[in-house]
Amino acid sequence: RGALDFLADDGGLSAQNRSFLRLVKPLAVVEDNVFLAVAEDFTKNYVETTLRGQVTEALSEVLGRDVRIAVTVDASITPPPPADGETDEPRPPQVRRPEVVPPPVVEDPHLNPRYTFDTFVIGPSNRFAHAAALAVAESPGKTYNPLFIYGGSGLGKTHLLHAIGHYTRHLKPQTRVRYVNSEEFTNDFINSIRDDRSLSFKRTYREVDVLLIDDIQFLQGKEQTLEEFFHTFNALHNAGKHVVITSDVSPRNLDGIEERMRTRFEWGLMTDVQPPDLETRIAILRKKAAADAVQAPSDVLEYIASNITSNIRELEGALIRVTAFAALNRQPVDLSLAQVVLKDLISDDDSEITASTIIGKTADYFGITIEELTGTSRSRVYVTARQIAMYLCRQLTDLSLPKIGDHFGGKDHTTVMYAVKKVEDQIAQRRQMYNQVNEIHARIKQSRA
Ligand code: ADP
Ligand code: MG
């Protein structure tokens, strides 16, 4: 690291090269090879081409012999914290990349890599929606334009939307795909007016081949944003571009949207997703277990699938809980363990849990104030508390990622997404995390009893 820091600080490099260098982590020196790791392919390519000469030279000088460098990609590497940062505040992957370089074909940071057609289980409840989504991804701009997918929370609408984005770009990497949640669209629109940036707003949403707009029910009652959405829609549709829309209420119940969009909807296709039947639920759990490489016998999957019926997000959450508990206690996953672990989840108390309750209980648990929890301080306790509360909001409420962000002082949805993923990963790896999450969860449940 010393040699690299020296190069970064005093090596006469451009700002861009310096910022790339900071993403490099030295792993080991074996004979004449220095192994370096970076988080992304993109950085690897850059280091191996543009920076190779200077890095090799600096390292050779420090080590006193001629060395070669070998760069590997390790996604778990995080860049060094900024000078004033103390901890691992969520940083969406896209900010790691220095901005000056034109982006090559990379994964769209707005798309969740886990939401693909490959990971989507097809059953009678979603077969039609899946087929329509696939058809759109295969030839955007042609059939089913607009495609409108509606249905209850946690039934796979967002998953299908992201899958369209991934697959379209897989088939034709140059396709410009834009995924946006309606709340983000609204915020963007409002900010663009405030900052006098309507041109860049238009560019963002109109200069695309496929616009994926999620949870359109949030636009109800927002007259100006709706108006802008209609213009965006018309511009895209007239240009032969594709629009895919989801909603958690049926089009008939979309006040203020249905009337204006009726004829346009008729050009396209509307399809719903229904709660999955038992077999589909079991298949989803099986696939999830395989993807996460966890062992769970059939009777456990059936137990979970029989008891959690109306929301796939909860279904997955239950599996994670059981397998994480087993892993931490070095116990095999079996039916009796699942019954114990899920006791409170499978109770019939379904009164609603709110974000405020979750935030309040989490703050209490950590002995910090709500302002501290929802603020921006990066010290470890606050960050952990914040991430756990975000995770629990995702698990226990129907709130969308942007809505959750709002409860935390207006954080970006990617920050929420990162927190959820981070806690989910750590639950299975760190007992302390598991215990904390469970204890807070239990207190939230108790507070309602
Ligand atoms: P919605 O947008 O309808 O509220 P999501 O798309 O967010 O629901 O789905 C909730 C969770 O369930 C996600 O983790 C998603 O991957 C998973 N999921 C939903 N439907 C399926 C399916 N058919 N196969 C596999 N996973 C699914
Ligand atoms: Mg959704």
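Can you tell which of H441, G409, G375 lies farthest toward the positive end of the dipole of the stretch 367-449, using +1 and -1 charges on the Cβ of basic and acidic side chains (Lys, Arg; Asp, Glu)?
Checking the options against the dipole of the stretch 367-449, the answer is H441.
Where the eigenvalues come from the Cα gyration tensor of the stretch 199-287, what are the semi-axes √(5λ) of the equivalent ellipsoid, largest first, in whole Å?
Working: eigenvalues 160, 56, 33 Å².
They are 28, 17, 13 Å, listed from largest to smallest.
From the P(r) of the stretch 300-448, could you give the percentage of C-alpha pairs in the tail past 20 Å?
The share of Cα pairs beyond 20 Å in the stretch 300-448 comes to 47 percent.
Given only helices, namely DSSP H runs of n ≥ 4 each adding -39500 (n - 2.57), what is the per-residue ellipticity at 222 nm of the chain, to the nearest 500 deg cm²/dmol?
Values: 20 runs with 234 residues, N = 449.
Computed mean residue ellipticity for the chain: -16000 deg cm²/dmol.
Which one, S153, S247, S200, has the greatest fluctuation when you compute a Gaussian network model over the chain with C-alpha springs under 10 angstrom?
Comparing S153, S247, S200 in the GNM, the peak value goes to S200.
Name the residue, out of E371, E40, E61, whose mean-square fluctuation peaks in a Gaussian network model built on the chain with Cα pairs under 10 Å.
Greatest mean-square fluctuation among the candidates belongs to E61.
Can you give the Rg/Rh ratio of the stretch 182-240, where Rg is from the C-alpha atoms and Rh is the Kirkwood radius? Can you show the working numbers first?
Working: Rg = 10.9 Å, Rh = 11.7 Å.
Rounded to two decimals, Rg over Rh is 0.94.
Where a Cα-Cα gap under 25 Å defines reach, which lysines qualify for K287, not counting those fewer than 8 residues away within the same chain?
K157, K343, K421, K422
Among T309, T384, T362, which one shows the highest mean-square fluctuation when the chain is modelled as a Gaussian network with alpha-carbon springs under 10 Å?
T309
Count the DSSP beta bridges whose two residues both fall in the chain, then state the antiparallel fraction as a percent rounded to the nearest 5. Walk me through the numbers before you get to the answer.
Working: 5 of 28 bridges.
About 20 percent, rounded to the nearest 5.
Roughly speaking, what is the centre-to-centre gap between the stretch 385-414 and the stretch 278-324 when only Cα atoms are used, to the nearest Å?
If we compute the Cα centre of each part, the gap is 23 Å.
Values quoted throughout were computed directly from the atomic coordinates according to the rules given, and no laboratory measurement underlies them. Computed from a predicted structure; not experimentally measured. Using ideal geometry, Cβ is built from the backbone for each residue, glycine included, and neighbour counts are taken over all protein chains shown.
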